[in-house]
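The numbers here are math on the coordinates, done by the rules we state, and not lab data. Quick caveat, the model's predicted, so the values are computed rather than measured. Note that each Cβ is placed from the backbone with ideal geometry, even for glycine, and that neighbours are counted across all protein chains shown.
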Amino acid sequence: MTDNISAVPTPNVDAIELAGTVPAIDMSILGMFMQADIIVKSVILVLLFASFWSWAIIFDKTMTFKILKSKTEKFESSFWSGDLLEDLYNRIKQHADHPMAMIFVAAMYEWKIPGPAEKSRLEMKVGLKERIFQAMTLSRNQAMDKLERNLGFLATVGSTAPFVGLFGTVWGIMNSFQSIAMMKNTSLTVVAPGIAEALFATAVGLFAAIPAVIFYNKFSNDLNRFVHKLDDFAGEFSAIISRELDK
């Protein structure tokens, strides 16, 4: 009886365990990056650099507009306080460091330049108004060029980063199909790494694009409001100068 029991064949436990074992795959963010091929790695690195530079621009513009708002409100308070414009001009002409003050200083500088004695009063008045208008326009445009700097990069990242990430996605899926064809195996073990790389590239593209779009729209709206404020100030100041010239 004992001999019959011992003669019954037993399953090979070691073989079953080995057959069900799958190779360990590191599915962490760093692991997916390290396992990706050179094309997907390049896409991810480009998107990460774009995201880093976008956030640097975002922080810089946020602080710039915050400081600009504070300085503009302080200048407007001084301008409309009733003090003499020449006193305000003499006080800030050496350190006009924001657009509204720059417009004011440029206009006052032209106003204080004496005209040629041989010209008539009307000719002097017309020429002075033209010079003041041109000086204010030039100062405004220079200030706007400085404030708009690097906003184009945010717009570019917001519009192109998803497509760059999509390129990495397509490339990762192509690698997955190639692995299936080479290994003749459709299990998740073969397909998962390539799909994970593809989705990771998509995620990085969205991570770069979404903040860039949001803050580009915000800064554009802030800039448009500030431009309207500068235009209103320039119009009001021109009216003040015209009244002074008519006296």
Per-residue HN-Hα couplings for the stretch 127-139 [Karplus 6.51, -1.76, 1.60; θ = phi - 60°; Hz; x = Gly/Pro]: x, 5, 4, 5, 5, 5, 4, 5, 5, 5, 5, 5, 5
Using θ = phi - 60° and Karplus 6.51 cos²θ - 1.76 cosθ + 1.60, couplings along the stretch 141-152 (whole Hz; Gly, Pro as x): 5, 5, 5, 5, 4, 5, 6, 7, 4, 6, 5, x
Cβ-defined net charge surrounding F153, 13 Å radius [Lys, Arg +1; Asp, Glu -1]: 0
Integer Hz, Karplus 6.51/-1.76/1.60 couplings in order for the stretch 220-225, x for Gly and Pro: 5, 5, 4, 5, 5, 5
Sorted by Cβ density within 10 Å, fewest first, the residues L154, L245, L230: L245, L230, L154
Inter-site label distance for W80 and F65 at 7 Å from Cα along Cβ, in nm: 2.2 nm
Peptide ranges 53-63, 156-166, 78-88, 97-107 listed from the most packed, as the mean C-beta count within 10 angstrom indicates: 97-107, 156-166, 53-63, 78-88
Pairs beyond 26 Å (Cα-Cα), from K71/K93; K74/K229; K66/K112: K66/K112
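May I ask you to derive the FRET efficiency for D232 and Q142 from their Cβ-Cβ distance with R0 = 22 Å, giving the value to the nearest 0.05?
Working: r = 19 Å, r/R0 = 0.85.
Calculated transfer efficiency: 0.70.
Fewest first, what order do M144, M182 take by the number of other Cβ atoms within 10 Å? Could you put the intermediate results ahead of the total?
Working: M144 15, M182 9.
Ascending number of Cβ neighbours within 10 Å: M182, M144.
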Chain lengthening between L151 and N221 when straightened (0.36 nm per residue, less Cα-Cα): 24.0 nm
